[in-house]
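Below you'll find the structure, written out as structure tokens, and then a few comments.
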Amino acid sequence: MSRIITRRGLLRRGALGAGGLLLAGCDPLDLSSPVPAFLRLGEAVAYHTHRLIGADSLAREYEAAEMSPDFRTNGNTMPTSAAYRAEMARGFAGWRLAVDGEVEKPGAYSLAELGNMPSRTQITRHDCVEGWSAIGQWTGVPLAVLLDQVRPKPGARYAVFHCADDFDGTAYYESIDMVDARHKQTILAYAMNGRTLPVGHGAPLRLRVERQLGYKQAKYVMRVEMVADLAAVRGGGGGFWEDTTGYDWYAGV
Ligand SMILES: Nc1nc2c(c(=O)[nH]1)N[C@H]1C(S)=C(S)[C@@H](COP(=O)(O)O)O[C@H]1N2
Ligand SMILES: [Mo]
């Protein structure tokens, strides 16, 4: 019997009964290769199911008439760091998004530069685990466009989003795999509902990774770091909530 080691212990492949039934007819449960080793059982099944349905499958998009009249904010709504506050006071004129790590050509991009790149606008539903949803319109630069500029090295397997805010001194961050990083609807948004992204919603730039839950939608993104492995990044779980509360890293909706 083959086994995979997860962050929370040992899984036997034969234990994946529900997933085997769900996906009967193909051989999807070879967990030896593409599933990140630290996924838990249910999460591994969800990850595999999503990847089988299709790396390119799109999250549902909505009509303008369906947009929520009031899209609430959640989590941090105003980073406290002095550097962030100083940039905010200047309308983020000196702010740069760093894109670095396992890449051939690290870059630092101003908001004007990001705004001049190809953009995508999408109206999607945001689902927070705390039990609320909202439909909003997002405009930004596809992460794939940035990746084509910095050229990830072959070993790069995850994009890590480092944020300006923290909870009691522990920085917020998130991460996604290369399939989601290159997905058509994965954008770094600088506008929401047709206006400059408000500070409460993550100005100057926030991630939209539309096939996953709310907490993956990192606000106040300062730096995108390409890495080979998530174990060495902060708590090793791939995100703030994953590290501190045990939320799933792969939070498919
Ligand atoms: N940097 C940062 N990103 C974050 C959070 C946060 O507190 N800090 N909260 C997350 C959660 S739980 C949700 S539901 C959404 C909320 O986004 P909104 O404020 O635009 O509604 O942002 C996510 N991204
Ligand atoms: Mo959330």
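Positive-end ranking of Trp241, Met192, Val160 along the dipole of the chain, with charges on Cβ about the Cα centre, is headed by Val160.
Starting from the Cα gyration tensor of the range 60-245, take the square roots of the eigenvalues, sort them a ≥ b ≥ c, and report rounded, prolate or oblate (rounded when a/c is under 1.5, otherwise prolate if a/b is larger than b/c, else oblate). Rounded is the answer for the range 60-245, as its axis ratio a/c remains below 1.5. Within the listed set Lys153, Lys184, Lys216, the Gaussian network model of the chain (springs between alpha-carbon atoms below 10 Å) gives the highest mean-square fluctuation for Lys153. Adding -39500 (n - 2.57) for every DSSP H run of four residues or longer, then dividing by how many residues the chain holds, sets the calculated 222 nm ellipticity at -5000 deg cm²/dmol. Once both labels are positioned 7 Å from their Cα atoms along Cα-to-Cβ, the gap between Arg195 and Asp229 label points is 4.6 nm. Against the chain, whose longest principal axis is taken from its Cα atoms, helix 41-53 shows a tilt of about 80°. Here the extension length gained between Glu63 and Ala144 equals 26.7 nm, from 0.36 nm per residue of separation less the Cα-Cα distance.
Ligands, DNA and RNA aside, Ile135 has an accessible area near 30 Å² when probed at 1.4 Å. In the range 60-245, the portion of solvent-accessible area held by carbon and sulfur atoms comes to 49 percent [1.4 Å probe, whole percent, DNA, RNA and ligands not counted].
Rounded to whole numbers, the Karplus 3J(HN,Hα) couplings from phi for the range 55-63 are 4, 9, 4, 9, 5, 4, 10, 10, 8 Hz, using 6.51 cos²θ - 1.76 cosθ + 1.60 with θ = phi - 60°, and x at Gly and Pro. Taking a straight Cα-Cα cut-off under 23 Å and skipping sequence neighbours fewer than 8 places away in the same chain, the lysines within cross-link reach of Lys216 are Lys184. Loop-only trypsin sites (Lys or Arg not before Pro) in the range 79-157, please: DSSP not H, G, I, E or B, and at most 11 other Cβ atoms within 10 Å. Those satisfying the criteria are Arg90.
Taking Cβ atoms as reference points and 9 Å as the exclusive limit, the residues near Leu188 contribute a net charge of +2, counting Lys and Arg as +1 and Asp and Glu as -1.
Sparsely packed loop sites in the range 71-127 (the GluC sites (Glu not before Pro) outside DSSP H, G, I, E and B with at most 14 other Cβ atoms within 10 Å) comprise Glu104.
Taking a point 7 Å from the Cα of Lys153 along the Cα-to-Cβ direction, the residues of the range 216-240 with backbone N closer than 12 Å to it are 226-229.
The values are calculated or read from the model by the stated rules, or taken from the named source; none is laboratory data. None of the values given here were measured: they were computed from a predicted structure. No Cβ is skipped: glycine too gets one built from the backbone with ideal geometry, and neighbour counts run over all protein chains shown. Just the protein is used for accessible areas: all its heavy atoms, side chains included, with ligands, DNA and RNA removed. Shrake-Rupley method; radii C 1.70, N 1.55, O 1.52, S 1.80 Å.
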